[in-house]
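Before any comments, here is the structure.
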Amino acid sequence: MATFRISEAAALLGVSADTVRRWVDSGRLAAARDEHGHRLIAGADLAAFVRERRADPEPGARFSSARNRLRGIVTDVVRDTVMAQVEIQAGPFRVVSLLSREAADELGLKVGVVAEAVIKSTTVVVEVPGRG
């Protein structure tokens, strides 16, 4: 069974390790200690926690048919008269989007702004690291 350390779970959930520790300490998320005293979260428990959070969203949560959201910082914006190219660094992921210049201007997109890349696609490729 897959297990995750606090830092790994935090990276997967897009939150800080401190947030995951608080969830574990409060009993919201189950964890056990390994032989070295490190807290480990079972993959099935982490998945159940994610499903529960999705079913009971926090106040102010947004609802959309797009399920893929990558929050990051705008690292580059290139505008011409009609279009804009926006680059967002979302954790280890670089996302580049083309949109109208008008939309980029209305959103106030510039280097250093926090933004979300919302992705809705008809094709999604799933890869697992380390598998042939």
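Taking the number of Cβ atoms within 10 Å of each Cβ as an exposure proxy, the fewest-first ranking of SER7, SER121 is SER121, SER7. In the chain, the calculated helix contribution to ellipticity at 222 nm averages -8000 deg cm²/dmol per residue, counting -39,500 (n - 2.57) for every DSSP H run with n ≥ 4. For the chain, the longest principal axis of the alpha carbon atoms and the long axis of helix 43-55 meet at an angle near 50°.
No value in this document is a laboratory result; all are computed from the given coordinates. Computed from a predicted model, the values in this text were never measured in an experiment. All Cβ positions, even for glycine, are placed from backbone atoms using ideal geometry, and neighbour counts span all protein chains on display.
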